[in-house]
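The values are calculated or read from the model by the stated rules, or taken from the named source; none is laboratory data. Model, not experiment: these values are computed from the prediction. When we count neighbours, we look across all protein chains shown, and the Cβ atoms used for this are built from the backbone with ideal geometry, even at glycine.
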Amino acid sequence: MISGTKAIKILIAAATAFLSLTFAAYPQGLGQKGGGYRGPPVEDKPKVDEKAYKSALDRIPTPDKKYDPWGVARPTEPEKPAKKSN
């Protein structure tokens, strides 16, 4: 028969192995009440009101002159050479 200390060591080793396997399920959410995979989270997005969107776009003023992103890096109009008079 197995001695008392050897039996306790086997019991502790078995409990440790069992607990190490069951603790791995907790980060996955399987240890929670009702466990299992619940699917992707559902997001409640408000519906877009097309009429309000178009009216907001109409309220944006049109620019007076065309936007030039390189305007600071180069002159707006190229320099023209002076005409030579004969």
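Key figures for this structure:
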read-out: In the range 22-49, residue modelled with the highest pLDDT [restricted to those that are of a type in the set (S, T, N, Q) and outside any helix (DSSP H, G or I)]; value: 28
read-out: Among the residues listed as 11, 19, 57, the single one being outside any loop (DSSP other than H, G, I, E, B), out of contact with any Leu (no Cβ under 6 Å at 6 or more places or on another chain) and modelled with pLDDT under 90; value: 19
